[in-house]
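S.K.: Please find one structure pasted underneath; my questions will follow.
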Amino acid sequence: MSALSDLHATLDPSRRSWVESANDPTSDFSIQNLPFGIFSDALNSTRRVGVAIGDRIVDLAVLEGAGLLTVPSSAAGGNVFVRDALNDFIALGRDAWRSVRIQLSGLLAHDHATLRDDAELRSRALIRQADAQLHLPVQIPGYTDFYSSKEHATHVGSMFRDPKNALLPNWSEMPIGYNGRASSVVVSGTPVRRPNGQLKLPDQERPVFGACRKLDIELETGFVIGQGNALGEPVACENAEAHIFGMVLLNDWSARDIQQWEYVPLGPFNAKTFATTISPWIVTLDALEPFRVAQPVQEPEPLAYLRHDGKHGFDIALEVTLRPQQSKQPTTISRTNFKHMYWTMAQQLAHHTVSGCNTRVGDLMGSGTISGPTADSCGSLLESTWNGKNPLELKEGGVRAFIEDGDELTLAGWCQGDGYRVGFGTCVGQILPALK
Ligand code: MN
């Protein structure tokens, strides 16, 4: 039996788990998914590696300790699952990720009795998600954010420059990006404080200092580097996906008024550095394989270093909701799909490294705001309210031009299979008032 056929079996839509909640067709965490994260719980405050299955988390350190899970030893030593970040596990390489995926899929399959019928071990190895705390899944050496949705770039270019020439000439030739701030990437659930900064009001010559008045989201995904490249050694586009461990949801919080004043000529700075929220579970590229689709047609044909054969888009449904502090019901403010993205993750990584720039295990690459072709598929309030001119109506009354204090923003994302989902869970953040 080859390793690839074992890997293929983990994607079989008919595979079911003895963890009943994983078989719910609306569960993000089917047995086909098996995303990795870092968790702790009330009984054990040690942070460790877990895999989500239905409404549970599998404690990989417990399974390894019981001899049910084997991983190749690493340069960093054993016990890669008793860590406060996934980096040491990821650094073991793709064969190790796949081996763990194959072993877990087998152990959790409905007809596999070893763990299913061992009540004592099961009670130690399976933790309720409701009882656990999820932490930032990786230690992130560097964070880069791209600008790769044609619809988003067209909207922004039309708003601030010229609707007839919305895209700058370089946009169709390369995935535009900037170096972001890794230190302020936080895990879902972490409150986000409204930033203070320089605001340039249209009727005044000089800026004022104060709280951001145009606080916004950016609906994005991010990918996590699983295999770095050495300084001076670019990653070829054809080979770039082999360097990716997996994907998360990412909210690139943005202070539009600070951004508009500061971004010329070097791009965003304080408008983006105050926080970036990611979802706690990293969905592996292996789990996303059945949802691969063709990327949009690229015209003009990219330069040779940005070419790759085959399909490099992914069909990931995305949704954003906004819930004011006093409201029970959230309002859906966007529905879109990752498949609309013009530049692929492989092209982003090839472009990022073509200069010789190195990447490291755990580096985070933001997709750029994901907007779709329809009015309700904008990935930012900047676009959906047209810079605040057309506020959105909320379900329980009231309107929003931009985010207000106490508002809770939630991103959700999932791939829809036949009777099952490969989901990302949620990426949540509530806004705290600015410091006085
Ligand atoms: Mn962004």
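S.K.: With each label point set 7 Å from Cα along the Cα-Cβ vector, what nm distance links residue 305 and residue 389?
M.R.: With each label point 7 Å from Cα toward Cβ, the separation is 3.9 nm.
S.K.: Let me ask something else about it. If you build a Gaussian network model of the chain, linking Cα atoms that sit under 10 Å apart, which residue out of 222, 425, 157 swings the most?
M.R.: In this elastic network of the chain, the residue with the biggest mean-square fluctuation among 222, 425, 157 is 157.
S.K.: To continue, here is another question. In Å², what does the accessible area per residue of region 3-135 work out to with a 1.4 Å probe?
M.R.: Ligands and nucleic acids excluded, the figure is 44 Å² per residue.
S.K.: Note the direction-averaged projected area, equal to a quarter of the hull surface, for the Cα convex hull of region 150-230, in nm².
M.R.: 9.1 nm²
S.K.: Which is the longest stretch in the chain that no exposed loop site breaks, taking sites as chymotrypsin sites (Phe, Trp or Tyr not before Pro) with a DSSP loop state and at most 16 other Cβ atoms within 10 Å?
M.R.: In short, 1-262.
S.K.: Please work out the average accessible area per residue across region 143-432, using the 1.4 Å probe convention, and give it in Å².
M.R.: 41 Å²
S.K.: Tell me the label-point distance for the pair residue 26, residue 209, using the 7 Å Cα-to-Cβ offset, in nm and rounded to one decimal.
M.R.: According to this spin-label approximation, the distance is 5.0 nm.
S.K.: Which value, in Å³ per residue, describes the convex hull spanned by the Cα atoms of the chain?
M.R.: Roughly 157 Å³ of hull volume per residue.
S.K.: May I ask what percent, to the nearest 5, of DSSP beta bridges between residues of the chain are antiparallel?
M.R.: Taking every DSSP beta bridge within the chain, about 90 percent pair in antiparallel fashion.
S.K.: First check a/c for region 248-341, with a ≥ b ≥ c the square roots of the eigenvalues of its C-alpha gyration tensor; if it is under 1.5, answer rounded, and if not, answer prolate when a/b is larger than b/c or oblate otherwise.
M.R.: Verdict is oblate for region 248-341.
S.K.: Can you classify region 42-111 as rounded, prolate or oblate using the Cα gyration tensor, where a ≥ b ≥ c are the square roots of its eigenvalues, rounded means a/c under 1.5, and otherwise it's prolate if a/b beats b/c and oblate if not?
M.R.: oblate
S.K.: Separate question: With +1 assigned to the C-beta of every Lys and Arg and -1 to the C-beta of every Asp and Glu, and no other charges, what is the dipole magnitude of region 321-436 about the Cα centre in debye, to the nearest 20?
M.R.: Here region 321-436 has a charge dipole of around 80 debye.
S.K.: While we're looking at this one, here's another question. For the chain, modelled as a GNM with alpha-carbon contacts under 10 angstrom, which of 46, 321, 332 fluctuates the most?
M.R.: For the chain, modelled as a Gaussian network with Cα springs under 10 Å, the answer is 46.
S.K.: Please compute, for the alpha-carbon atoms of region 102-243, the extent along each of the three principal axes and give them in descending order in Å.
M.R.: Principal-axis extents of region 102-243 (Cα, largest first): 72, 41, 32 Å.
S.K.: To the nearest whole percent, what portion of all C-alpha pairs in region 2-158 is separated by more than 20 angstrom?
M.R.: Of all Cα-Cα distances in region 2-158, 54 percent exceed 20 Å.
S.K.: Okay, moving on. Given H placed on each backbone N at 1.01 Å, which residues far from residue 334 in sequence or on other chains put an amide H within less than 5 Å of it?
M.R.: Amide H to amide H, under 5 Å and 5 or more residues apart or across chains, residue 334 pairs with 320.
S.K.: Still on this model: Counting only other residues whose beta carbon sits under 14 Å from that of residue 56, what net charge do I get with K and R as +1, D and E as -1?
M.R.: The answer is -3.
S.K.: Same structure again: Expected output is a single nm value to one decimal: the length gained when fully extending between residue 198 and residue 242, i.e. 0.36 nm times separation in residues minus the C-alpha distance. What is it?
M.R.: Contour length minus Cα-Cα distance gives 11.6 nm.
S.K.: With an 8 Å cut-off on Cα pairs and a minimum separation of 6 or more residues, tell me the relative contact order of the chain in percent.
M.R.: Relative contact order for the chain comes out at 20 percent.
S.K.: For residue 328, which lysines qualify as cross-link partners when the Cα separation must be under 30 Å and same-chain residues fewer than eight apart are set aside?
M.R.: Partners found: 214, 272, 389, 395, 436.
S.K.: While we're looking at this one, here's another question. Seen from all sides and averaged, what is the projected area of the convex hull of the Cα atoms in region 1-61, in nm²?
M.R.: Convex hull of Cα atoms, orientation-averaged projection: 5.2 nm².
S.K.: In whole angstrom, how long is each semi-axis of the equivalent ellipsoid of region 319-377, when you take the square root of 5 times every eigenvalue of its Cα gyration tensor and sort them from largest down?
M.R.: Over the Cα atoms of region 319-377, the semi-axes work out to 33, 16, 7 Å.
S.K.: How many nm separate the modelled label positions at residue 70 and residue 183, each set 7 Å beyond the Cα in the direction of the Cβ?
M.R.: A separation of 4.5 nm, rounded to one decimal place.
S.K.: Please identify, among 85, 304, 109, the residue showing maximal mean-square fluctuation in a Gaussian network model of the chain using a 10 angstrom Cα cutoff.
M.R.: Maximum fluctuation in the GNM of the chain, among the listed residues, is at 304.
S.K.: I want the local charge near residue 349. Using Cβ-Cβ distances under 12 Å, sum +1 for each Lys or Arg and -1 for each Asp or Glu among the other residues.
M.R.: Once positives and negatives cancel, what remains is -3.
S.K.: Would you compute, from DSSP H runs of 4+ residues alone, the mean residue ellipticity of the chain at 222 nm, taking -39500 (n - 2.57) per run and dividing by the full residue count, rounded to the nearest 500?
M.R.: Value at 222 nm, helices only: -4500 deg cm²/dmol.
S.K.: Ok, one more. Give me the net charge for the shell around residue 329: Cβ to Cβ below 10 angstrom, other residues only, Lys and Arg +1, Asp and Glu -1.
M.R.: Local net charge: +2.
S.K.: Something else about it: Which part of region 358-389 falls in the paramagnetic zone of residue 159, meaning amide N under 16 Å from the point 7 Å along Cα-to-beta-carbon?
M.R.: What the label zone holds, given the 16 Å backbone N cut-off, is 368-389.
S.K.: How big is the dipole moment of the chain about its Cα centre under a simple scheme where the beta carbon of each Lys and Arg is +1, that of each Asp and Glu is -1, and everything else is neutral? Debye, nearest 20, please.
M.R.: Result for the chain is approximately 780 debye, rounded to the nearest 20.
S.K.: Here's another thing I want to ask about it. Report, to the nearest whole %, how much of the accessible area of region 3-135 belongs to carbon and sulfur atoms, 1.4 Å probe, protein only.
M.R.: Of all accessible area on region 3-135, carbon and sulfur atoms account for 48 percent.
S.K.: How fast does region 318-425 diffuse by Stokes-Einstein, in µm²/s, taking the Kirkwood radius from C-alpha pairs at 4 °C and 1.567 mPa s?
M.R.: 80 µm²/s
S.K.: Which residues does a label at residue 122 reach in region 18-59, if reach means a backbone N under 16 Å from a point 7 Å past the Cα toward the Cβ?
M.R.: Residues 18-23, 53-59 fall inside that zone.
The values are calculated or read from the model by the stated rules, or taken from the named source; none is laboratory data. Fair warning: this is a prediction, and the values are worked out from it, not measured in the lab. Heads up, the Cβs are rebuilt from the backbone with ideal geometry, glycines too, and the neighbour counts pull from every protein chain shown. Areas reflect the complete protein model, heavy atoms only, side chains present, ligands, DNA and RNA absent. Shrake-Rupley method; radii C 1.70, N 1.55, O 1.52, S 1.80 Å.
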